[in-house]
Structure formats: C-alpha cells, structure tokens
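The values are calculated or read from the model by the stated rules, or taken from the named source; none is laboratory data. All figures in this text were calculated on a predicted structure; none of them were measured in a lab. As a convention, Cβ positions derive from the backbone with ideal geometry for all residues, glycine included, and neighbour counts pool all protein chains shown.
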Amino acid sequence: MSKNVIVVTGANNGIGLSMTRTLIAEGYYVAALDISDENLIPLKASCPERLIVLDCDVTDAVRVNDAISSILAAWGHIDVLVNNACLAIFKPFEQKPLEETRREFEVNYFGFIHTIAAVLPCMKSQGHGLIHNLSSGVGITGFPGIYGYASTKGAIESLTRTLALEFEKYGICVNLMHPPLTNTKSAAPLGVPLQVMDDPARIGQKLAKQIMSTKPVITPDFRTALYLFLAYRYPLMLGKLFAKLTARSQAV
C-alpha cells in the first residue's frame, strides 16, 4: 500500500478508536488526535512507525495547527481527515445553561472547522484530499433532551454540503459519515435500550473499510442507509417515532 496518511480526531474511544485500530491493521499511516490517550498507548507501542498520537483539543485552533504541522513534518502530506470528535450534553432545553450548548458547538462544529482549515493548505497544494465529517441521524430528525448536540449535527450536514461544492475545484472531496445509533459514551444518556444500539467496534471497522470512499454519504451497512433515506424524507415522522419508542422503553 502507498503511504496514505489519515488523521482521526476523537480517536481515543468508541468509533474513533475502532477506526484507528482498523486503519493501522490495513496498513495506513494514522495520526490519532484526542485530549486523552490511554487507549491509544498500547496501539502506539505495537506499531510506532505508523501511528502518531497527539494530545489535541480541537476547540483550540493553535493546538490543531501545531498538531497538523507535526504530522506534516513527520510524513510530508495528509490524504484523509476524519472529523469524529464530539461532545453531547443531555438536558432538556429549560434546564440547560447556554454555556453548555456553546461548548457543544465549540467541539462539534468549530472543532471541525479548525481541523478543516488546518489541513486545507496541504490538500490544496497536493491537489487531492478527503474530508469525512461524522454526522448523526438526530441532526436530521431531532431528539428530545439533546437539542445542542442535534443542532451541531444539523449544522455539520449543511457545512459539509457547502464545502463539498467549494472544495471540488481543488480536487478535495468533503462528505458525511453516518454511523447508526451506537453504544458510545456520548450516546449512553439517551436512554435507548442497549439491544437496539450498535457496537462501536463493528461500526468503526466498517467505516474504516470505506476510508477512501468519495460517496456524498457513507454508511456502514444497508440498514443505516435505509434509515437515512427515510430520515431525509420524513424527518418529523421519524423524530416523533423514536422519541415515543424511547419514552415507552424508559417507562417499562
């Protein structure tokens, strides 16, 4: 395999960690960015030549730029950026301080903008690049108790489609990665029964297998693709349906 360099944010847990493990196993060079690294250290020890682990808070543009500079100094180029870092705070609208919602936007929206801005000069100069932005179905349908997170994912949907149009002339593809509802730390407080949530290891592996895909929307399986087909067409109906199902399961 050629030396394809992948940057993954939010790489220490959940889908990001699984993607990182799979990409390393597939022979890619991976730069794993997160504010913690306890799960990445064993992986780094097993493959030090193809994994860089960087302490990086995506809300800090200076630290993001420093991280990207370090990657370029080590490997000379960046082929793919996976924007996976996220924050979800679960509270009803009336109980949630505005500062908590601002923090969600700093991580989930402006964090994506910081990383995109940092890799853009490199991708423009080399004439190619892939930027995968992880989204969520709640950004399409809504979900009670999670308005901040849902709003950031709705914003990512629009941001991605806009940048796909703007960056096409540079040979850079910007698209969405859509995992299903997955049993991650950020999704745990939703109250959805565990049996209907997917395994982050499986989802991360399946998304990593499509790392070079240029499809506008990437899903790990047909079931998720079908859900998105319906969600984009009937967002209010699906939002109400899942809210009722969740409320019913919590009442049992």
For this session: Please list, ordered by first then second residue, the pairs with beta carbon atoms under 8 Å, 6 or more apart or interchain, first in the stretch 225-241 and at negative phi, second assigned to a helix (DSSP H, G or I) and charged (D, E, K, R).
Result: none
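How many residues does the stretch 1-40 hold that are assigned to a loop (DSSP other than H, G, I, E, B), free of Cβ contacts under 8 Å to residues at least 24 places away in the same chain and among the aliphatic types (A, V, I, L, M)?
Within the stretch 1-40, the first condition is being assigned to a loop (DSSP other than H, G, I, E, B), and the residues that meet it are 1-4, 10-13, 26-28, 35-40.
If we keep only those that are free of Cβ contacts under 8 Å to residues at least 24 places away in the same chain too, we end up with 2, 35.
From what's left, among the aliphatic types (A, V, I, L, M): 35.
Total satisfying the criteria: 1.
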For this session: Answer yes if at least one residue in the stretch 83-103 is of a type in the set (F, W, Y) and farther than 28 Å from T214 by Cα, and no otherwise.
Result: yes
For this session: Would you point out the residue of the stretch 212-224, among those that are part of a helix (DSSP H, G or I) and touching a residue at least 24 places away in the same chain (Cβ under 8 Å), that is surrounded by the most Cβ atoms within 10 Å (Cβ to Cβ)?
Result: T224
Problem set entry | Identity of the residue in the stretch 88-100, touching a Phe, Trp or Tyr at 6+ places or on another chain (Cβ under 9 Å) and at pLDDT 95 or above, that ends up surrounded by the most Cβ atoms within 10 Å (Cβ to Cβ) | K96
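Just give me the residues in the stretch 49-80 being assigned to a loop (DSSP other than H, G, I, E, B) and in contact with a helix residue (DSSP H, G or I) (Cβ under 7 Å, 6 or more places away or on another chain), in sequence order.
From the stretch 49-80, those assigned to a loop (DSSP other than H, G, I, E, B) are 49-50, 56-60, 76-79; that's our starting set.
R50, C56, D57, V58, T59, H77, I78 - these are the residues of the stretch 49-80 that are assigned to a loop (DSSP other than H, G, I, E, B) and in contact with a helix residue (DSSP H, G or I) (Cβ under 7 Å, 6 or more places away or on another chain).
Answer with yes or no whether A85 is surrounded by 17 or more Cβ atoms within 10 Å (Cβ to Cβ), modelled with pLDDT of 95 or more, in contact with a Phe, Trp or Tyr (Cβ under 9 Å, 6 or more places away or on another chain) and under 19 Å from G16 (Cβ atoms).
Working: surrounded by 17 or more Cβ atoms within 10 Å (Cβ to Cβ): yes; modelled with pLDDT of 95 or more: yes; in contact with a Phe, Trp or Tyr (Cβ under 9 Å, 6 or more places away or on another chain): yes; under 19 Å from G16 (Cβ atoms): yes.
Judged against the criteria, A85 is a match.
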